Amino acid sequence: MTMPQADRVGCYARSIESGWIGKIVACDGELYRMHGVDVWWFQILGGHVTDYVDETDTQWFAHDDLRFLKVVTP
């Protein structure tokens, strides 16, 4: 099992199991604490993925349960 890395805070990742997308906001012990991205609104309204981070949608994931995403800024 790979331990969470503090340098991943601020990165975006997708859950391998559910497809849920979120922004890593902290390392809590053996898990990453993440805030979800409202992908539905992002797809409809456009803009940038950072505009749709929902701080009330919090989930925790192990490092090995995530695929890290590269966010391209315009």
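The values are calculated or read from the model by the stated rules, or taken from the named source; none is laboratory data. Everything numeric in this text was worked out from a predicted model, so none of it was measured. All Cβ positions, glycine included, derive from the backbone under ideal geometry; neighbour counts span all protein chains shown.
Determine, yes or no, whether residue 65 is at pLDDT 95 or above and of a type in the set (Asp, Glu).
So residue 65 passes the test.
With 38, 7 as the choices, which residue is of a type outside the set (Ser, Thr, Tyr) and in contact with a strand residue (DSSP E or B) (Cβ under 7 Å, 6 or more places away or on another chain)?
38
Before we move on, is residue 50 in a helix (DSSP H, G or I) and hydroxyl-bearing (Ser, Thr, Tyr)?
The answer is yes for residue 50.
Specify the residue that is surrounded by the fewest Cβ atoms within 10 Å (Cβ to Cβ); the eligible residues are those in region 3-30 that are hydroxyl-bearing (Ser, Thr, Tyr) and in a strand (DSSP E or B).
15
For region 36-43, indicate whether the set of residues that are at pLDDT 95 or above and either aliphatic (A, V, I, L, M) or under 20 Å from residue 16 (Cα atoms) (or both) is non-empty.
yes
Somewhere in region 31-39, is a residue surrounded by 10 or more Cβ atoms within 10 Å (Cβ to Cβ), in a helix (DSSP H, G or I), out of contact with any Pro (no Cβ under 8 Å at 6 or more places or on another chain) and on the phi < 0 side of the Ramachandran plot?
yes
When you scan region 40-74, how many residues do you find that are of a type in the set (Lys, Arg) and surrounded by 14 or more Cβ atoms within 10 Å (Cβ to Cβ)?
Residues flagged as of a type in the set (Lys, Arg) and surrounded by 14 or more Cβ atoms within 10 Å (Cβ to Cβ) within region 40-74 amount to 0.
Which of (1) of a type outside the set (Gly, Ala, Ser); (2) part of a loop (DSSP other than H, G, I, E, B); (3) touching a Gly at 6+ places or on another chain (Cβ under 6 Å) is the odd one out, the single condition residue 57 does not satisfy?
Exception for residue 57: condition (2).
So the check is Cβ under 6 Å with 6+ separation or different chains; which pairs have a first residue in region 25-44 that's within 13 Å of residue 58 (Cβ to Cβ) and a second one that's of a type in the set (Asp, Glu)?
Between residues of region 25-44 that are within 13 Å of residue 58 (Cβ to Cβ) and residues that are of a type in the set (Asp, Glu), the close pairs are 35/55; 36/54; 36/57.
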